[in-house]
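Taking it in order: structure first as structure tokens, then the write-up.
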Amino acid sequence: MEDKQKVVLVTGASKSLGKAIASHFASSGDRVILGYRSSLEEVTHAVEEIKAKTGNEAVSFVKLDVIDRQQVQDAVSEIIGQFGKIDVLVNNAGVSYGGALIPSNPLEKWEEIVQINVMGTINCIHAVSFHMLLEQKGAIVNIASVAGLIGVDRLSAYSASKAGVVGLTRSLGKEYAPYNVRVNAVAPGYTEDTGMVERIPEEQMNEFKKRIAMGRLGTTREIAEAVSFLASDKASYITGQTLVVDGGYM
């Protein structure tokens, strides 16, 4: 008998948007694995919080530094070995450093942003691809950003990296479609409780809000719902797309 409970892997899931995405899948009864890089205490707390909130005990975590290819492969092999499959991969892990012109940002920071945001996404997709393509089913949702579509002043490295995620999504959407594996992305706008927004001064943030048609920031729950939709059977004829969730900012 086929196990109808989906197995969902969310990277960078110990806090903020990643945790909200993991919680949303858990609330739907899915088996959710939170990938984390550094803080065991943080991810343990996140798992217990999600279990308490959703009543779903099928929530766990795995050590997963997205730029460590061997660790990514080991984590994916561990999940498939334990549960027999990965139905959904959400590539949420990402970093942003900004607030300065290019000459003021060390190239090492640029390299780190590209490595985590682009190569980290590729590493995770590469690790799950063989299983999904062989099974001829699966959904991958990448977290992009409006910054990758319009460019943001003093966030050039981050904007470039997220543009890379958008391009990757388009290409793999075509490449994997014959195998019934869908690849899409969500591009959040300015969203509450995320690291990028928290670093923006209040006065500047108020100016940004004036440019948002809906007049407010988004919530991590609203982003999570968009991710969940693209991963679901309701989006069975959608692939290679980037869904902008920005309250009309663009």
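The values are calculated or read from the model by the stated rules, or taken from the named source; none is laboratory data. Source: prediction; values computed, not measured. As a convention, Cβ positions derive from the backbone with ideal geometry for all residues, glycine included, and neighbour counts pool all protein chains shown. Just so you know, the surface numbers come from the protein's heavy atoms only, side chains and all, with ligands and any DNA or RNA stripped out. Shrake-Rupley method; radii C 1.70, N 1.55, O 1.52, S 1.80 Å.
Arrange the residues 214, 119 by how much accessible surface each exposes, largest first, with a 1.4 angstrom probe.
The ordering from most to least exposed comes out as 214, 119.
Of the heavy-atom accessible surface of the stretch 146-244 (probe 1.4 angstrom), what whole percent is carbon and sulfur?
49
Summarise the accessible area of the stretch 21-119 (1.4 Å probe, protein heavy atoms) by the percent that is carbon and sulfur.
Carbon and sulfur together cover 51 percent of it.
Please compute the contact order of the chain in relative form: average sequence separation of alpha-carbon pairs under 8 Å and at least six residues apart, divided by the residue count, as a percent.
RCO, the chain: 19 percent.
For a label point 7 Å from the Cα of residue 209 along Cα→C-beta, name the residues of the stretch 142-169 whose backbone N is under 19 Å from it.
Taking a point 7 Å out along Cα→Cβ of residue 209, no residue of the stretch 142-169 has its backbone N under 19 Å.
Ranked highest first by average number of other Cβ atoms within 10 Å, how do 33-43, 8-18, 183-193 line up?
8-18, 183-193, 33-43
Check which residues have an amide H placed less than 5 Å from residue 62's amide H, if you skip close sequence neighbours.
Excluding prolines and chain starts, which carry no amide H, the hits are 34, 35, 36.
For the pairs 63/85; 174/234; 162/209; 137/162; 53/210, note any where the Cα-Cα span goes beyond 24 Å.
137/162; 53/210
Which value, in Å³ per residue, describes the convex hull spanned by the Cα atoms of the stretch 54-183?
122
Measuring from label point to label point, each 7 Å out along Cα→Cβ, what is the residue 134 to residue 179 span in nm?
1.1
Mind pulling up the Rg/Rh value for the stretch 106-250? Radius of gyration and Kirkwood radius, both on Cα.
1.00
Based on the Cα coordinates of the chain, what is the per residue volume of their convex hull in Å³?
Once divided by residue count, the hull of the chain is 126 Å³.
So if each residue of separation counts as 0.36 nm, and I subtract the Cα-Cα distance between residue 236 and residue 126, what length gain in nm does that give?
Roughly 37.4 nm would be gained on extension.
Where only protein heavy atoms count, and the probe is 1.4 Å, what is the accessible area per residue for the chain in Å²?
50
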